[in-house]
Amino acid sequence: MTLDELDQRIAAFMDRWGIFSLRISLGVIFIWFGLLKPLGYSPAEPLVLATVGWLPLLDSGQWLALIGWWEVLIGICFLFRPTLRVAIALLLLQMGGTFMPLVILPEVTFQAGGFPWAPTMEGQYIVKNLLILSAALVVGGTVRSRARDETD
């Protein structure tokens, strides 16, 4: 086997399984991290509570549970191709909230004197959501075609 043939096989494997793997990964991550919130195990709980504490209608714990179950629903929807549009719509609504601490809690999300270039661990946790948004765009690009995600 030549190097070019090996490269073609690897590329074909990635083309065949990449979108499917990305979709399932998004589902697992949202279900897993979402469940941590209502079960009281989320390391993001203090950040979430500080962010939603001012919201009306529900107390902070109820908001935390609602956000967690919302994330679980996003994850479940990512697991099945027919519900991808729902997953992406729910994700876009959720992402607005995830970026809020960067604006309303800069003292928590950025190191002292480091705004906007030196995020804290919490800030990094939020900024990584850009990758999740990009992954959702890639997966969302397949909703009208089965070309690269025919594994289910």
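Here, each number is a calculation from the coordinates, and none is a lab measurement. Everything numeric in this text was worked out from a predicted model, so none of it was measured. Using ideal geometry, Cβ is built from the backbone for each residue, glycine included, and neighbour counts are taken over all protein chains shown.
Would you mind stating whether PRO106 is in contact with a Ser or Thr (Cβ under 8 Å, 6 or more places away or on another chain) and not aliphatic (A, V, I, L, M)? Give the derivation first.
Values: in contact with a Ser or Thr (Cβ under 8 Å, 6 or more places away or on another chain): no; not aliphatic (A, V, I, L, M): yes.
In short, no.
Find the residue count for segment 74-100, including only residues that are free of Cβ contacts under 8 Å to residues at least 40 places away in the same chain, among the β-branched types (Val, Ile, Thr) and buried (at least 19 other Cβ atoms within 10 Å of the Cβ).
Number satisfying all stated conditions: 1.
Give all pairs with beta carbons closer than 7 Å in which a residue from segment 107-122 that is within 20 Å of PRO46 (Cβ to Cβ) meets a residue that is among the hydrophobic types (A, V, I, L, M, F, W, C) and part of a helix (DSSP H, G or I); count only pairs at least 6 apart in sequence or on separate chains.
Hits for this filter: VAL108/LEU47; VAL108/ALA50; THR109/LEU102; THR109/ILE126; PRO119/VAL127; THR120/VAL108; GLU122/LEU47; GLU122/VAL108.
For GLY34, state whether it is farther than 13 Å from VAL139 by Cβ, touching a residue at least 40 places away in the same chain (Cβ under 8 Å) and not acidic (Asp, Glu). Don't jump to the end; show me each part of the working.
Working: farther than 13 Å from VAL139 by Cβ: yes; touching a residue at least 40 places away in the same chain (Cβ under 8 Å): yes; not acidic (Asp, Glu): yes.
Yes: the conditions hold for GLY34.
Out of the residues in segment 53-73 that are touching a residue at least 24 places away in the same chain (Cβ under 8 Å) and closer than 16 Å to PHE99 by Cβ, which is surrounded by the fewest Cβ atoms within 10 Å (Cβ to Cβ)?
Step by step, filter segment 53-73, then rank; the result is TRP70.
Just a yes or no: is a residue in segment 26-48 surrounded by fewer than 16 Cβ atoms within 10 Å (Cβ to Cβ) and of a type in the set (Val, Ile, Thr)?
Checking segment 26-48: at least one residue is surrounded by fewer than 16 Cβ atoms within 10 Å (Cβ to Cβ) and of a type in the set (Val, Ile, Thr).
Restrict the check to segment 141-150 and report whether at least one residue is under 28 Å from MET14 (Cβ atoms), of a type in the set (Ser, Thr, Tyr), surrounded by 13 or more Cβ atoms within 10 Å (Cβ to Cβ) and touching a residue at least 60 places away in the same chain (Cβ under 8 Å).
Kept after step one, since they are under 28 Å from MET14 (Cβ atoms), are these residues of segment 141-150: 141-150.
From the residues that got through so far, the ones that are of a type in the set (Ser, Thr, Tyr) too are 142, 145.
Now restrict to residues that are surrounded by 13 or more Cβ atoms within 10 Å (Cβ to Cβ): 142.
If we keep only those that are touching a residue at least 60 places away in the same chain (Cβ under 8 Å) too, we end up with 142.
Yes, segment 141-150 contains a residue that is under 28 Å from MET14 (Cβ atoms), of a type in the set (Ser, Thr, Tyr), surrounded by 13 or more Cβ atoms within 10 Å (Cβ to Cβ) and touching a residue at least 60 places away in the same chain (Cβ under 8 Å).
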